[in-house]
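First comes the structure, then the notes that go with it.
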Amino acid sequence: MSSKGKILVTGGTGYIGSITSAELIEQGYEVVIIDNLSNSEKDTLDRIQDITGILPHFYEYDLQEQESIERVITEHPDILGIIHFAAAKAVGESVEMPLHYYRNNIVPMINILESMKIHNISNFVFSSSCTVYGQPDELPVTELAPVKPAESPYGYTKQVNENLLKDTIQANKGIKGIALRYFNPIGAHLSGNLGELPLGVPDNLMPYITQTAIGIREELKVFGDDYNTPDGSCIRDYIHVVDLARAHVVALERMMQNKGKADYEVFNIGTGNGVSVLEIIDSFEKATGVKLNYKIADRRAGDIEQIWANTDFANNELGWKASLTLDQMTKSAWEWEKNYRESLKTN
Ligand code: WQD
């Protein structure tokens, strides 16, 4: 079957990048991945092939080197667009290692945008984050909400990169870009064969839940139940990673088909529903039948109390809407955890 075209995916062996690569292939695109494997495994490529029947082109390059991207684009001059996932994203770690985060997350962005200019590549989707909003003054939060001073170097790199993209587009008529501000992606590919691979102790809630349920972790600590929320635990807008992956394809096609209302656009990618930590635990136990060992602990420094998205702009303008349920999120995360641990035994 002829391809709809070739898309460069940076960070394409990572959690969201790999699931988006699979989605792109299943929707008829050819995928070229650049990843330095600093936070992912090469056999993720085989998992993508198992699901789609196609092995993506792969380059284990460091995006901090301009020639990495130049080499790939020279080899694939027919690249129609770029989806840029590659970045470090542990909030706590970024506080301890700010310079690593600034170099690791910002230099590649500059290199990629330079190469887009040189090779006249017009379409760019940027993996941004609701973290740019901090604790919004109004909920649900819209794309017009003020971007507040970042709460971490990680969050600041997302703000800087959004501005890099906006300014580059302003200065170069041929480039279009869409920043997708993710809320909290969780879950795994519906096949159960692609998902989150947190190396070391997970920072994020969902992998910590599944690792506790499978026995790798002793118990889950709920970081605080004394917040000003209905059950006292923090509220987030959890979104199924497959819904998120689909949003990237819609964003790319919006630009390729010149449907954008502006050359630079920003969309909140969430479900529009706020869900608490205790509600996630309840959904996990209900969806999987597994009782979770957890206890209430102190609040985690840096956590905001509650945030969830106003998704009207994404739904009505971008033409994308999340459709997978909370139970599908928690159940798919569990299926992946079990399948991944099983695969470690057989490999
Ligand atoms: C969610 C809730 C914790 C772990 C994430 C990413 C960040 C950005 C935004 C992409 C919070 C609670 C967690 C645990 C807990 N994503 N929790 N026990 O902090 O919203 O940020 O999404 O850009 O990179 O970090 O997500 O999953 O860490 O926490 O109680 O062991 O779960 O307090 O309320 P967060 P998270």
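The values are calculated or read from the model by the stated rules, or taken from the named source; none is laboratory data. In this text the structure is predicted, and so the values were computed from the model without any measurement. Note that we place each Cβ from the backbone using ideal geometry, even for glycine, and neighbour counts take in every protein chain shown.
Miscellaneous remarks
- Conditions (1) more than 12 Å from the ligand (Cβ to nearest atom); (2) modelled with pLDDT under 95; (3) among the hydrophobic types (A, V, I, L, M, F, W, C); number of the one not met by MET255: (2)
- Unique residue being in contact (Cβ under 8 Å) with a residue 12 or more places away in the chain, more than 14 Å from the ligand (Cβ to nearest atom), hydrophobic (A, V, I, L, M, F, W, C) and in a helix (DSSP H, G or I) when the list is LEU165, LEU190: LEU165
- Residue tally, condition over 30 Å from GLU93 (Cα atoms) and assigned to a helix (DSSP H, G or I), over region 286-326: 10
- Residue match in region 29-39 (condition: of a type in the set (Asp, Glu) and closer than 26 Å to HIS100 by Cβ): yes
- Conditions (1) hydroxyl-bearing (Ser, Thr, Tyr); (2) in contact with a Ser or Thr (Cβ under 8 Å, 6 or more places away or on another chain); (3) not in a loop (DSSP other than H, G, I, E, B); number of the one not met by THR212: (2)
- Which numbered condition SER3 fails, given (1) of a type in the set (Ser, Thr, Tyr); (2) in a loop (DSSP other than H, G, I, E, B); (3) closer than 20 Å to ALA188 by Cβ: (3)
- Count of residues meeting criterion [within 11 Å of the ligand (Cβ to nearest atom), surrounded by fewer than 16 Cβ atoms within 10 Å (Cβ to Cβ) and over 23 Å from the mean Cα position of the chain (by Cα)] in region 267-317: 5
- For region 72-92, the set of residues classified as surrounded by 15 or more Cβ atoms within 10 Å (Cβ to Cβ) and more than 16 Å from the ligand (Cβ to nearest atom) consists of VAL72, ILE73, HIS76, ILE79, LEU80, GLY81, ILE82, listed by residue number.
- THR325 passes every criterion in (1) within 14 Å of the ligand (Cβ to nearest atom); (2) at pLDDT 95 or above; (3) out of contact with any helix residue (DSSP H, G or I) (no Cβ under 8 Å at 6 or more places or on another chain); (4) of a type in the set (Val, Ile, Thr) apart from (1).
- Just so you know, in region 1-39 the residues that are of a type in the set (Asp, Glu) and in contact with a strand residue (DSSP E or B) (Cβ under 9 Å, 6 or more places away or on another chain) include one that is farthest from THR52 (Cα to Cα), and it is ASP35.
- Helices (runs of 4 or more DSSP H) within region 53-158 that include 1 or more residues within 19 Å of the chain's Cα centre (by Cα) and aromatic (Phe, Trp, Tyr): 98-119
- Identity of the residue in region 198-221, β-branched (Val, Ile, Thr) and surrounded by 19 or more Cβ atoms within 10 Å (Cβ to Cβ), that ends up farthest from the ligand (Cβ to nearest atom): THR210
- Residues located in region 222-234, provided they are more than 8 Å from the ligand (Cβ to nearest atom) and either under 19 Å from VAL201 (Cα atoms) or not polar (S, T, N, Q) (or both): ASP225, ASP226, TYR227, PRO230, ASP231, GLY232
- Among the residues of region 193-209, the ones that are closer than 27 Å to PRO140 by Cα, assigned to a loop (DSSP other than H, G, I, E, B) and not acidic (Asp, Glu) come to 1 in all.
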